[in-house]
Amino acid sequence: MIMAGDSLIHSAVYADNGTTYDFTGMLSSIKPIVEKYDLAFINQETIIGGSSLGYSSYPRFNSPDQIGDALIDAGFDIFNLANNHTLDKGEAG
């Protein structure tokens, strides 16, 4: 098992990806490491509510959906979402 975190997506991180929000390149260097493990856990510190909730950064985060896809592609299969940012966008988040 491998554990990682925090996946904390500030606006500068997703702004570097234009409007496609493709995070696979950012995670490419850790993908070979993560894929070696049967279980890969990551603490997803920000909610992944996508554009419908409006992207936002500190202090109330909401990240593009694509970060979840990229983390799965990198080999993560267990995501922790229970943290102090769980309600950053209220109940809708």
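Find all pairs meeting these conditions: Cβ atoms under 6 angstrom apart; at least six residues apart or on different chains; first residue within region 1-22 and closer than 20 Å to Asn84 by Cα; second residue of a type in the set (A, V, I, L, M, F, W, C) and open to solvent by less than 60 Å² (accessible area, probe 1.4 Å).
Note: pairs meeting the criteria are Met3/Phe41; Ala4/Ile42; Gly5/Ile42; Ser7/Ile42; Ile9/Ile67.
For (1) open to solvent by 60 Å² or more (accessible area, probe 1.4 Å); (2) part of a helix (DSSP H, G or I); (3) in contact with a strand residue (DSSP E or B) (Cβ under 8 Å, 6 or more places away or on another chain), each residue gets a yes or a no:
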| residue | (1), (2), (3) |
| --- | --- |
| Ala4 | no, no, yes |
| Tyr21 | no, no, no |
| Phe76 | no, no, yes |
| Ala82 | yes, no, no |
| Leu87 | yes, no, no |
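Do you know which residues across region 25-47 are modelled with pLDDT of 95 or more and either part of a helix (DSSP H, G or I) or small (Gly, Ala, Ser) (or both)?
Leu27, Ser28, Ser29, Lys31, Pro32, Ile33, Val34, Ala40
If the Cβ limit is 6 Å and pairs must be 6+ apart or interchain, which residue in region 37-64 that is more than 28 Å from Met1 (Cβ to Cβ) and without any contact (Cβ under 8 Å) to a residue 24 or more places away in the chain pairs with which residue that is open to solvent by 20 Å² or more (accessible area, probe 1.4 Å) and not in a strand (DSSP E or B)?
Here the result reads Gly50/Asp65, each pair linking region 37-64 to a residue that is open to solvent by 20 Å² or more (accessible area, probe 1.4 Å) and not in a strand (DSSP E or B).
The values are calculated or read from the model by the stated rules, or taken from the named source; none is laboratory data. What you see is a predicted model, and the numbers here were worked out from it, not measured in a lab. Neighbour counts are summed over all protein chains in view; Cβ atoms, including those assigned to glycine, are modelled from backbone coordinates with ideal geometry. Surface areas here come from the heavy atoms of the whole protein model, side chains and all, with no ligands, DNA or RNA. Shrake-Rupley method; radii C 1.70, N 1.55, O 1.52, S 1.80 Å.
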